[in-house]
Amino acid sequence: MNTVELRPVPLGTALVTPQRTPTRKPLCADRPDDWDLDTGTPDTWRNAIELCNACPLLEQCSELADSLTARGDVPRAMIWAGIPYDSTGKIVENLDRYRAAPLDHRRPLQIIRLGDRPSIGAAPVPVPHRHLVLGQALSPTRTSA
């Protein structure tokens with residue numbers, strides 16, 4: 001991403017095109033998945049933390065993370081400013097023991113039938129048929145008291 005630097009031009013001079021100065025791009029912008037704790041491995045996360053610590057924008061990034069944390073918007077499931085956060089926003093101390101999704105040790109769902117199984121050939125319960133004719137009053141039903 002580039003920014004445009006505008007300088008005042010004295011009156012009576014020719015038009016000058018503004019000079020473009022490249023902005024500093026963080027290292028995480030090229031491969032954001034390496035900073036995502038929902039994907040990747042502990043080795044890729046450690047590499048991302050090392051890249052964060054060597055980044056020239058580390059100070060600005062950590063200030064932004066601090067300001068977001070102060071207002072209650074903690075980073076979730078990512079590495080931000082060299083600090084790994086889990087999905088609840090807590091700092092991950094040991095990347096080797098971190099799991100993005102907890103293992104499910106529950107037994108699979110079983111359907112337990114308490115009554116008789118309906119027979120396949122059983123006739124359906126008869127349902128009264130109703131005929132509505134638009135524009136005519138309805139006749140009273142036998143079920144009303």
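The values are calculated or read from the model by the stated rules, or taken from the named source; none is laboratory data. Given the structure is predicted, the values throughout are model-derived calculations rather than measurements. When we count neighbours, we look across all protein chains shown, and the Cβ atoms used for this are built from the backbone with ideal geometry, even at glycine.
Observations, loosely collected:
- Residues of segment 59-82 that are within 16 Å of Leu27 (Cβ to Cβ) and buried (at least 16 other Cβ atoms within 10 Å of the Cβ): Cys61, Ala65, Met78, Ile79, Trp80, Ala81, Gly82.
- Members of segment 91-145 that are modelled with pLDDT of 70 or more, within 51 Å of the chain's Cα centre (by Cα) and of a type in the set (A, V, I, L, M): Ile91, Val92, Leu95, Leu109, Ile111, Ile112, Leu114, Ile120, Ala123, Val125, Val127
- The numbered conditions (1) surrounded by 10 or more Cβ atoms within 10 Å (Cβ to Cβ); (2) part of a loop (DSSP other than H, G, I, E, B); (3) modelled with pLDDT under 70 are all true for Pro8 except (1).
- Among the residues of segment 75-90, those identified as over 13 Å from the mean Cα position of the chain (by Cα) and not in a loop (DSSP other than H, G, I, E, B) are Ile79, Trp80, Ile83, Pro84, Tyr85.
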